[in-house]
1. Search the structure for amide H atoms under 5 Å from the amide H of L166, placed 1.01 Å from N in the peptide plane, and list their residues when 5 or more places away or on another chain.
2. Per residue, what accessible area does region 641-703 have, given a 1.4 Å probe and all protein chains present, in Å²?
3. Between V622 and F570, what's the calculated FRET efficiency when r is the beta-carbon distance and R0 is 35 Å? Round to 0.05.
4. Under the 0.36 nm per residue contour assumption, what length would be gained going from the current alpha-carbon distance of Y292 and E604 to full extension?
5. Counting only heavy atoms of the protein chains, get the accessible area per residue of region 355-423 (1.4 Å probe) and round it to a whole Å² value.
6. So how compact is region 147-225: Cα radius of gyration and Dmax in angstrom?
7. Note the angle between two axes, namely the Cα long axis of helix 88-101 and the longest principal axis of the Cα atoms of the chain, as a number of degrees from 0 to 90, rounded to the nearest 10.
8. Say R0 is 41 Å: what FRET efficiency, to the nearest 0.05, do T456 and D529 get from their beta-carbon distance?
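The values are calculated or read from the model by the stated rules, or taken from the named source; none is laboratory data. Only a predicted model underlies this, so the values are computations on that prediction, with no experimental measurement involved. Cβ placement follows ideal geometry from the backbone for every residue including glycine, while neighbour counts extend to all protein chains displayed. Keep in mind that these areas ignore ligands, DNA and RNA; they rest on the heavy atoms of the full protein, side chains included. Shrake-Rupley method; radii C 1.70, N 1.55, O 1.52, S 1.80 Å.
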Amino acid sequence: MSVPVTGRASADAGESAWHAAWLPPAAFRELGSRGVLVHGDGPLVDTVLDEVSRACGRYGGRLWHGPPWQVDADLVLALLGAGPVPNAAAETARLGATPAVNGTGDGSLGDEGYLLARVDDVTVVLADAPAGLLYGMFHVVRLGAAAFDDDLPAQRHRPALDRRMLDHWDNVAVHPVSGQVERGYAGGSLFWRDGAARHETARLRDYARLLASCGVNAVTVNNVNVHDTEALLLTDRLGDVAEIAEVLRPYGIRVHLSVTFAAPVVLGGLPTADPLDERVRAWWAAATRRVYRRIPDFGGYLVKADSEGRPGPFAYGRDHADGANLLADALAPYGGVVRWRAFVYDHHQDWRDRSTDRARAAHDHFAPLDGRFADNVILQVKFGPIDFQTREPVSPVLAAMPATRLAVEVQATQEYTGQQRHVCYLAPWWSEVLRFRPRGAAGGTIADVAAGRAGTGGGLVAVANVGDDPFWTGHPLAQANLYAFGRLAWDPLLDPAAILDEWIDLTWLPVTTGDPEALRRTMHAVMDDSWRTYERYTAPLGVGFMVRPGHHYGPDVDGYEYTPWGTYHFADRDGVGVDRTRATGTRFTGQYPPPWSEVYESRERCPDELLLFFHHVPYRHVLHSGRTVIQHIYDTHFAGVEEVAAMRERWRLVAGAVDPAVHDRVAERLDEQFRSAVEWRDQINTYFFRKSGVPDAHGRRIH
């Protein structure tokens, strides 16, 4: 459904054909109705000026960036290095706030940090660098009226992770299987259309605003599966990448490019891509030099190699450190990084061989290489050992490579979580991952791994969930996942419910025509537990997959059970689950450090939600909950459908309180979610009833 919705395409375009998401004009009301003084210069300061100017033009405030300076300002946005503010009241406020900068640490706010304080009836944002001023301005927007409360405490804000990135799986040319966007559920690409760049500056600029406002500072603009047309972005079509970088740059977002490891062969005409061949090294050095001539702030390369048919160093008898270091050497003179994905496994496995385990592959390939990667190599590791399933243990690779820069990769695009046709708020899941302590209570968290020592970590990465749909993410409620990713990448300790409140306040409450608190309650009722609701009516107890092969939407319990992809549940008449123990199984549990290696090894200690990931158990095995495995399967699948029915009814009750186009799109998606949940319930319950022969204890209908 394509509908006109309120938005903003550019400074003077008024309304657009796409939704404003969490930056509707009304979100800027408090900022735009004040007197604002901006002190400092630079391209990102110009962006701050542009944002404040538009807000003041709409809501009657005033903006000053030069003489006359003797004005009454409610808000001062100042770079510390710009010197004193030539305005007595504003300078007094700035000086009053400055001691709080030195309150902890070395007093530095860093390249992206800022201080927010309230002094003598003036709100002050101080920053060392223009990016900090931009993020500080968006924080004022986030707070709204609270930013001007006299009891506002002085707070320093710095991102916990320096690298906060979205990977777009967008194809320049429409791929015959994966289309314009691989695993895209929100229409076409924002960057490309039918083999060419879109050149739609207004929409791309609005996208940059959305990303900067929640903290994202980097994107990869093309698919990790680099096909023939996309390979040319490194050479013949580099100008298209430079154009995108030009639009994103004013919001502090650096562009990265997915490249094929075979580029010297497919683009350079060399007979080899061997990473130790001097001709290959020279080719990459020359190609990279040309990139930085066109895009001086280029971020670096993203590489998927020796995985699912992608070329890599294995073809030449080399390992992944050899391959990654080749590109790292080419990027090093310019400060660029190579992001090397650890998603490497054999997708031609023999399903009859139970000793083969896809979950082991990344650790087997990469853990022995710890310490061999160059300083500007970032190993990008999926949060779980399989493939973005609704429930997986945290990947053991994230605890196994202390001498390597690691990035944690999550999936905002809902490939295995309802494909943006189902409500599935993912922040609670991501938060669990980021807070997980792989070495036990005394050890660091996964967020600490992503941060690295002294900010040298690889950060947090999400596979993007946006497209050219009017609502950006197809499902308007899926916008929350994009927002939450940025906020968790900035601060992994944020409460997912609090992030949801921020998103509700910015997206819905400024424009509601009904009771704001009623709408807030509805949003929380629909979204808070939606990830677990999705889990309840899909694959149980961590077993994963059970989806239709290829497109991965809807149930197919045996869809991957006898294929080469290595994703199995091993259900038989006696039980279900994969034995990954050291004692009798694939020995995957041994890849974890204590205490988790022992917890996962034990049926009795293994968490219920991961039991079938690590163990093959009888259907009458009793969980910690007191229910048997088979009864848990029945109960959760019936409960999941009931919860979706309740979501749908709650949403119907807020009709009239939100934009009709938005309400209709969400209602349409909830209808599909209910239909799909019923299908999942009936197929899963019937499958396991027929396998086990154990009836439902409550006598409900199972086909």
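1. Those qualifying (amide H under 5 Å, at least 5 residues apart or on another chain) are A218, V219, T220, A462.
2. Details: 3070 Å² over 63 residues.
Per residue, region 641-703 has an accessible area of 49 Å².
3. 0.95
4. Values: separation 312, 0.36 × 312 = 112.32 nm, distance 5.58 nm.
Residue separation times 0.36 nm, minus the Cα-Cα distance, leaves 106.7 nm.
5. Working: 1580 Å² over 69 residues.
With all protein chains present, region 355-423 gives 23 Å² per residue.
6. Using the Cα atoms of region 147-225, the pair Rg, Dmax is 17.3, 59 Å.
7. Once rounded, one gets 30 degrees.
8. Values: r = 37 Å, r/R0 = 0.89.
The computed FRET efficiency comes out at 0.65.
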